[in-house]
């Protein structure tokens, strides 16, 4: 068996800082969305993805890829969003097993109400602490990690300028 490639001191410190930052930011975002909108970040992300899709519709399989979730978790989340009246599902005539999720007018209104508080928390939790150069580095690092890890999310979403 090959010897483990242990982290050196610099890598160990970077790894621990990454984990700490990730936990703090994720917790703050989750708390803000729960407090102000009564929804988890996952539901918000689904509404955002649908609102940005052509005609506000995405195949469930594509939505699972876009939100990096399992199909069963996505199905559960979409069920809850349907119960709230923010999303509806339709079958696909050419594919008896396929379904499309569609954001409703109520779902769009929920985003309009929720987005200002969410973006303010993102700014406070991440961007207010960084310089423009650090934001560029953060983007480059995150895009590299996502691509290296085999992320299948639309590559155009990672490109800028």
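Quick rundown of the values:
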quantity	calculated
The chain: angle of helix 105-125 to the longest principal axis, Cα-based, in degrees nearest 10	10 degrees
Bins of 10 Å, starting at 0 and running to the largest distance - Cα pair percent for region 10-98	14, 39, 27, 14, 5, 0
Ranked 47, 74, criterion: other C-beta atoms within 10 Å, fewest first	74, 47
Choice from 16, 35, 71 with maximal GNM fluctuation in the chain (Cα, 10 Å cutoff)	16
Alpha-carbon gyration tensor eigenvalues x 5, square-rooted, for the chain, Å	32, 21, 15
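Taken together, the values in this text are just the output of simple stated rules run on the coordinates, not laboratory data. Only a predicted model underlies this, so the values are computations on that prediction, with no experimental measurement involved. For neighbour counting, all protein chains shown are included, and Cβ atoms are generated from backbone atoms with ideal geometry for every residue, glycine included.
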